[in-house]
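Remarks on the structure that follows.
The values are calculated or read from the model by the stated rules, or taken from the named source; none is laboratory data. These numbers come from a predicted model, not from an experiment. Quick reminder, even Gly has a Cβ in these numbers, built from the backbone with ideal geometry, and neighbours come from all protein chains shown. The area values use the complete protein model at the heavy-atom level, side chains included, leaving out ligands, DNA and RNA. Shrake-Rupley method; radii C 1.70, N 1.55, O 1.52, S 1.80 Å.
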Amino acid sequence: MTGQETAHGPKHKRDLTRRKVVAAGAGAVVAAGVGGAFAAGAFADEETAAARGKTGGTSGEACYRLTSETTEGPYYIDADKLRRDITEDQEGVALTLRLKVIDSDTCKPLANAAVDIWHCNALGVYSGYESMGSGGGGGTPPSGTPSGTPTGAPTGAPPEGGGGGGGHEEPTDDERYLRGTWRTDKKGEVVFRTVFPGWYQGRCVHIHTKVHVHGTWTDAGYEGGTTCHTGQLFFDEASVLATAEVAPYSTNTTARTTLDDDTIYPGNGTEGGLLKLKYRKGAIAKGVVATLTMGVDPEATQDGTGDSVQPGASASASAG
């Protein structure tokens, strides 16, 4: 990364967000490995369609239910990366992600909301946590005989969601690939360019997302506001199996959890974050377009645990 793109230290706040503008330069398109050329064209086409209000999968659809809240996971970083292309140098199947954010009560689009997305790379590694290995659960195993064996019965609940335990993990490096934030337009739409995520032990293939509202976009970035939605976006098994045949996914030997066996996916289709995917059958390496309309409550404050924070209550990090 250039000096301008060096991420600032994380600011782990749930009710107050601040992101300085570190946007990719105009026309700076990074090849996405397999299918990179397709993605560049597809990304431009999707932006044009969104600008015309013709985003597929949303026209003609009436009011949506509230999109399911899920756990934030241990690897969220408020990394000051305002950009739509989050690929950087990561290889994989090019993915154009189109999200539309609406008020689940009025069905009106939420303009000028800040949408975060972040996910692991094709081999299951999160930027900012590379030393932890695949999904934060890898790394070098300990050697020697364990000491200080605890006594008595264990207490508390087991960690949720796999890949990192029960709370927020502090970043271990300055990498910030496959992370970014962008604003919704007047139709509530936002388009990201990335790569199809891989997998790691204990979780199905997914993308994390947050929606922030009531903040202010300034020359310095997005300031203030509240987090009204924390969720995860999911992929059907057919698409995941198709990518598993393509490099570099084909080199990922980590045991994969299926969508049905995942402990976080609510199992309720698009309402639970299941993306609508379009790609050429038998040629997924040429790229994928994913769409979803998310219904959120702009007056809610989410703490990252899947529960709303009541006025006056403090927010905290969670696992998953």
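Table for the structure above
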quantity	calculated
Of the criteria (1) in contact with a helix residue (DSSP H, G or I) (Cβ under 9 Å, 6 or more places away or on another chain); (2) at pLDDT 95 or above, which one Gly164 fails	(2)
Single residue of Leu241, Leu233, Leu277 found to be of a type in the set (A, V, I, L, M), assigned to a strand (DSSP E or B) and open to solvent by 30 Å² or more (accessible area, probe 1.4 Å)	Leu277
Single match in Asp185, Asp219, Asp236 (criterion: at pLDDT 95 or above, closer than 23 Å to Asp78 by Cα and among the acidic types (Asp, Glu))	Asp185
Which numbered condition Gly267 fails, given (1) assigned to a helix (DSSP H, G or I); (2) on the phi > 0 side of the Ramachandran plot	(1)
Residue within the stretch 271-278 that is farther than 25 Å from Gly92 by Cβ and not aliphatic (A, V, I, L, M) present	yes
Among residues of the stretch 193-224, those that are part of a loop (DSSP other than H, G, I, E, B), more than 14 Å from Leu82 (Cβ to Cβ) and open to solvent by 10 Å² or more (accessible area, probe 1.4 Å), counted	4
